[in-house]
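**Q** Below is a structure I'd like to ask you about.
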Amino acid sequence: MSIKGLRRRIRLGWEDASYRRRARRRGLMYDPARIASRVRHPEAAERLARAMADGTLRTFAAVRHHNWEGYNLIPALAELGEVIHFDWGAEGFPPDRSWAPQHKRAMNRLLLERFQQARAAGPVHLCFMYVTGRQVFPETVRAIGEAGTVTVNISLDDRAKFRGRWKGGTWLGVAPIAPAFDLCWTSTRDACEKYLVEGANPIFLPEGANPHVYRPVDVPFEYDVSFVGQCYGIRPELVDALAARGIRVACFGKGWPNGPLPIDEMVATYSKSRINLGFGGVGDGDDLLCLKGRDFEVPMAGGLYLTRYNPELAEVYAIGREIVCYRDLDELAERIGHLLDHPDQASVIRNAGYRRARADHAWSGRMGTMLRSLAGP
């Protein structure tokens with residue numbers, strides 16, 4: 001592990017322990033049955049429930065499309081009703097990491113302007129965001145809520161970036177903005193008590209996949225093992241270690257020699273691969289684990305998925321029957337060899353994972369669960 005990775009590990013360990021102590025002192029415990037009672041704007045939640053029931057739901061979605069969001073989050077919301085999509089990247093704003101303070105102020109002004117335009121055309125029952133404190137002020141979120149709209153934010157990297165960096169007098173993660181939302185969706189179960197400590201209302205739900213995008217492609221196998229995703233942390237080290245054992249992994253994505261793939265080629269690669277490799281680690285190491293979108297996209301596309309074991313995976317798949325997991329390099333190499341030597345067994349697992357993903361792990365289903373939670377059990 002690099003010095004940077006070690007420092008982050010120490011910092012995150014301290015952060016986790018601090019939140020746990022504060023949660024225990026205050027008697028805070030995540031309870032999905034209490035989500036509806038914690039909503040900041042209950043009357044708006046009641047209007048949202050009625051709109052869902054009569055098919056008139058209108059959603060204002062503040063989501064920047066980087067590489068997967070537009071293929072997953074927006075179509076899932078559109079299955080539930082009309083969506084007015086605000087993508088600040090498409091409005092000419094530079095990449096978020098390069099923002100100066102004026103970019104954040106300008107984006108928030110434009111966001112509120114577009115929200116008011118959407119309201120002028122009809123009621124907006126839900127404002128769905130995928131943002132952090134880097135992009136949005138809590139005052140912006142509160143203004144939308146006070147207009148009678150339920151506000152929801154989704155955050156998919158709370159294991160490592162709940163608070164994030166301190167810059168300009170604030171944390172750049174979700175911590176400073178979370179209390180302003182009616183509901184905060186996290187894909188990290190352990191983060192729920194952090195949200196509660198900050199005065200926010202969390203719901204734990206894993207990521208999903210869009211079955212209209214991630215679907216099997218009728219192509220012959222081209223790769224024994226492939227990986228689609230960025231090159232960072234322990235990933236290149238593991239790929240090199242497998243190569244030293246005679247196992248070649250075809251890698252695609254930012255930082256790899258092959259580079260990234262367009263969405264259609266990425267989906268086809270899942271079908272072209274006898275085994276699709278996954279890494280569950282966060283950042284430089286593999287000791288911090290979280291659910292990944294890939295955990296659902298690969299099986300949804302009909303690919304055989306082999307990834308790092310994470311206890312949360314056992315809540316969404318039958319390990320060994322629907323996906324396969326490893327705990328270290330030796331076990332990874334053994335699993336690859338076994339699956340390549342037993343193609344019939346690999347096919348059974350591949351098909352079972354596909355059926356499970358199609359049945360239980362669509363983004364539209366996740367959205368429905370999230371919205372129903374606002375109405376109570």
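The values are calculated or read from the model by the stated rules, or taken from the named source; none is laboratory data. As the structure is a computational prediction, the values presented were derived from the model and not from experiment. Cβ atoms come from the backbone with ideal geometry, glycine included; neighbour counts cover every protein chain shown.
**Q** Which one is surrounded by the most Cβ atoms within 10 Å (Cβ to Cβ) among residues in the stretch 148-165 that are of a type in the set (A, V, I, L, M, F, W, C) and in contact with a strand residue (DSSP E or B) (Cβ under 9 Å, 6 or more places away or on another chain)?
**A** Initially, the stretch 148-165 is screened for residues of a type in the set (A, V, I, L, M, F, W, C), giving 150, 152, 154, 156, 160, 162.
Checking which are in contact with a strand residue (DSSP E or B) (Cβ under 9 Å, 6 or more places away or on another chain) leaves us with 150, 152, 154, 156, 162.
Details: 150: 28, 152: 24, 154: 23, 156: 17, 162: 25.
Within the stretch 148-165, the match that is surrounded by the most Cβ atoms within 10 Å (Cβ to Cβ) is 150.
**Q** If the requirement is being in the same structural domain as residue 50 (by TED's automatic domain parsing), free of Cβ contacts under 8 Å to residues at least 40 places away in the same chain and part of a helix (DSSP H, G or I), which of these qualifies: 106, 160? If you could, list the steps in order and put the result at the bottom.
**A** Working: 160 fails: free of Cβ contacts under 8 Å to residues at least 40 places away in the same chain.
Going through 106, 160 in turn, just one is in the same structural domain as residue 50 (by TED's automatic domain parsing), free of Cβ contacts under 8 Å to residues at least 40 places away in the same chain and part of a helix (DSSP H, G or I): 106.
**Q** Still on this structure, please answer the following. Tell me which residues, restricted to the stretch 131-157, are under 19 Å from the mean Cα position of the chain (by Cα), without any contact (Cβ under 8 Å) to a residue 40 or more places away in the chain and farther than 21 Å from residue 369 by Cβ.
**A** 134
**Q** Working carefully through the options 190, 224, find the one that is farther than 30 Å from residue 132 by Cα and not polar (S, T, N, Q).
**A** Numbers: 190 fails: farther than 30 Å from residue 132 by Cα.
Only one candidate qualifies: 224.
**Q** Which ones in the stretch 32-70 are part of a helix (DSSP H, G or I), hydroxyl-bearing (Ser, Thr, Tyr) and crowded, with 19+ Cβ neighbours inside 10 Å? It would help to see each step written out before you state the result.
**A** So the first thing to find is which residues in the stretch 32-70 are part of a helix (DSSP H, G or I), and the list is 32-34, 36-38, 42-54, 69-70.
With hydroxyl-bearing (Ser, Thr, Tyr) added as a condition, the list becomes 37.
Across the stretch 32-70, there are no qualifying residues.
**Q** Still on this structure, please answer the following. Exactly one condition in (1) over 23 Å from the mean Cα position of the chain (by Cα); (2) at negative phi is false for residue 179; which is it?
**A** The failed condition is (1).
Here's the yes/no breakdown for (1) surrounded by 18 or more Cβ atoms within 10 Å (Cβ to Cβ); (2) farther than 19 Å from residue 288 by Cβ; (3) polar (S, T, N, Q):
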position	(1), (2), (3)
193	yes, no, no
225	yes, yes, no
239	yes, yes, no
245	no, yes, no
266	yes, yes, no
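**Q** I need the full set of residues from the stretch 293-335 which are surrounded by fewer than 17 Cβ atoms within 10 Å (Cβ to Cβ) and under 20 Å from residue 358 (Cα atoms), in order please.
**A** The answer is 314, 315, 318, 319, 320, 321.
**Q** Scanning for something outside any helix (DSSP H, G or I) and outside the structural domain of residue 74 (by TED's automatic domain parsing), does the stretch 335-346 turn up at least one residue? Explain how you work it out, then say what you get.
**A** Residues of the stretch 335-346 outside any helix (DSSP H, G or I): 342.
Keeping just the survivors that are outside the structural domain of residue 74 (by TED's automatic domain parsing) gives 342.
Looking for residues that are outside any helix (DSSP H, G or I) and outside the structural domain of residue 74 (by TED's automatic domain parsing), one finds at least one in the stretch 335-346, hence yes.
**Q** Let me ask you something else. So, in the stretch 352-364, how many residues would count as being over 15 Å from residue 213 (Cβ atoms), of a type outside the set (Lys, Arg) and in contact (Cβ under 8 Å) with a residue 40 or more places away in the chain?
**A** 2
**Q** Among the residues of the stretch 1-25, write down those that are in contact with a helix residue (DSSP H, G or I) (Cβ under 7 Å, 6 or more places away or on another chain) and either under 30 Å from residue 143 (Cα atoms) or aromatic (Phe, Trp, Tyr) (or both).
**A** 19, 22, 23
**Q** Tell me, which residue of the stretch 71-92 that is in a loop (DSSP other than H, G, I, E, B) and touching a residue at least 24 places away in the same chain (Cβ under 8 Å) is surrounded by the most Cβ atoms within 10 Å (Cβ to Cβ)? Before you say what the answer is, go through the steps one by one.
**A** Residues of the stretch 71-92 that are in a loop (DSSP other than H, G, I, E, B), as a first pass: 79-81, 87-92.
Checking the rest, the ones that are also touching a residue at least 24 places away in the same chain (Cβ under 8 Å) come to 79-81, 87-90.
Working: 79: 15, 80: 18, 81: 15, 87: 16, 88: 22, 89: 15, 90: 11.
Going through the qualifying residues, I end up with 88.
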